[in-house]
1. Where in segment 43-131 are there chymotrypsin sites (Phe, Trp or Tyr not before Pro) that are in a DSSP coil and have at most 16 other Cβ atoms within 10 angstrom of their Cβ?
2. Quick one: with all protein chains in place, what share of the accessible area of segment 29-69 is carbon or sulfur, to the nearest percent (1.4 Å probe)?
3. With every protein chain present, what is the per residue accessible area of segment 14-61 (1.4 Å probe, Å²)?
4. Wrap a convex hull around the Cα atoms of segment 19-152, take a quarter of its surface area, and give that in square nanometres.
Amino acid sequence: DLKNPRHNISTGSLAALAFSGLLYYLFAILLACTVQRELLLSDYMIASEISWISWLFLCGLYIASLSSILGSLYGAPRVFQSIALDNIIPIISIFGKGRGANNEPVIATITVSVVSCCFVLVGHLNILAPITAMPFLLTYAAINYAYFSLAMTEERSIKPESILDHYNNSEHTPIIKAGESAEEGGNQSNEYVYPGKGEECYWHDGLQSKWLSFVGFILSMIMMFLINWIFAFVAIAIASIIYFYTRTVSPGTKPGASDFVLSKWLYHVVRSVVHPLPAEERMVIATTTPEMSYQTTQLTDENADYQEREKVHQSVVSEQIHET
C-alpha cells in the first residue's frame, strides 16, 4: 500500500526510533532532575507517585504493557512454529502443528505463555532485565555482523573491470558514493551504492555502511558483557550450539551466502599494520592504460629442420614510454 516502500519504510522506522528514543531520554532526565538517587534505586513506582495524574500514568503503563504482550503472543509463537516446520531440530517438530484454516500455532502459543509466566514469577526486575536483554542484544549483534559479512563478501567478489564498466555504462545510473548526490558523483571506493536504473538516492542511503554495522556489532557485544558477563557467556554458548548444530544437520546452510571469516580478516588487518608490505610488493591498478612499446623475443633457437614451422614460442616484453 506504500507509494515508495524503499523510502517510506526506512523513513518511518528511523523516525519512530528517533521519536521514541527522545521520549525515553527526556523521561530519564526529568526523573533525575526531580527525584533523589536513593528513591530511584529503591522505589520502582516513583514515576507514578510524582506524576500529576497518577491513575492516568498507570493506565498508560498498562496499555503499553498490554500492547507488548499481544505483540509477543502473536509474533513469537509463529516464528517458533516456522522454525519447527523446517524440521532442522526434530525435537521441537511438535510445535509446528497448528489448528484452523490459518494454521494457528496453538501449542507454540501455550509454550510461549508458560515460559513468559515463569519469567514473571521471578518477581525482581533487576534479575529479570539482564536475562531478557541478552537475546535482544545478541540478535542486534548477529544482524549487524550479517550485513557486515555480506558487504565484505560482495566487496571481494566485485572485480575492478565490472566497476569501471558500470561507471562507464551510460544506460545505468553512475556509481554514487554513500552520502553523495548524483551531481557530485562518486570516486572509486568500497562504500558504493548501486541504485537501479531511474531510482532516486535518499538521505538514509548514507546509513548503509558496513563499518556502521561493524561498530553496532562491537557495541552490542560490549553491552552484553557490561550488563552481566555470565549471562552473556551463556547466551553466546546457546546460540553457538544452535548455530553449529544447524550447520551439521542441514547441508543446505553450507557454505551460505557469505564466505567472509572475521578471524582471518582481523589477522590480515593486524599483520598489515605490524608488518606492512614493501613498496615494491604493492599492486597499483591504474585507471588508464599507459602507452607501451612492445618487443618480441624468440625463446627457441634457430633450427634448419624446423624453418617451415611458425615461430610461436615467443615472449612479449613491454616497456612503458615515459613522458619527457
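The values are calculated or read from the model by the stated rules, or taken from the named source; none is laboratory data. The shown structure was predicted, so the numbers you read here are calculated from the model rather than taken from an experiment. Positions of Cβ are backbone-derived with ideal geometry, glycine not excepted, and every protein chain shown enters the neighbour counts. What goes into the accessible areas is simple: the full protein's heavy atoms, side chains included, and nothing from ligands, DNA or RNA. Shrake-Rupley method; radii C 1.70, N 1.55, O 1.52, S 1.80 Å.
1. In loop regions of segment 43-131 (DSSP not H, G, I, E or B), the sparsely surrounded chymotrypsin sites (Phe, Trp or Tyr not before Pro) are Y44, W52.
2. Of the solvent-accessible surface of segment 29-69, carbon and sulfur hold 71 percent.
3. With the other protein chains kept in place, segment 14-61 gives 83 Å² per residue.
4. 12.5
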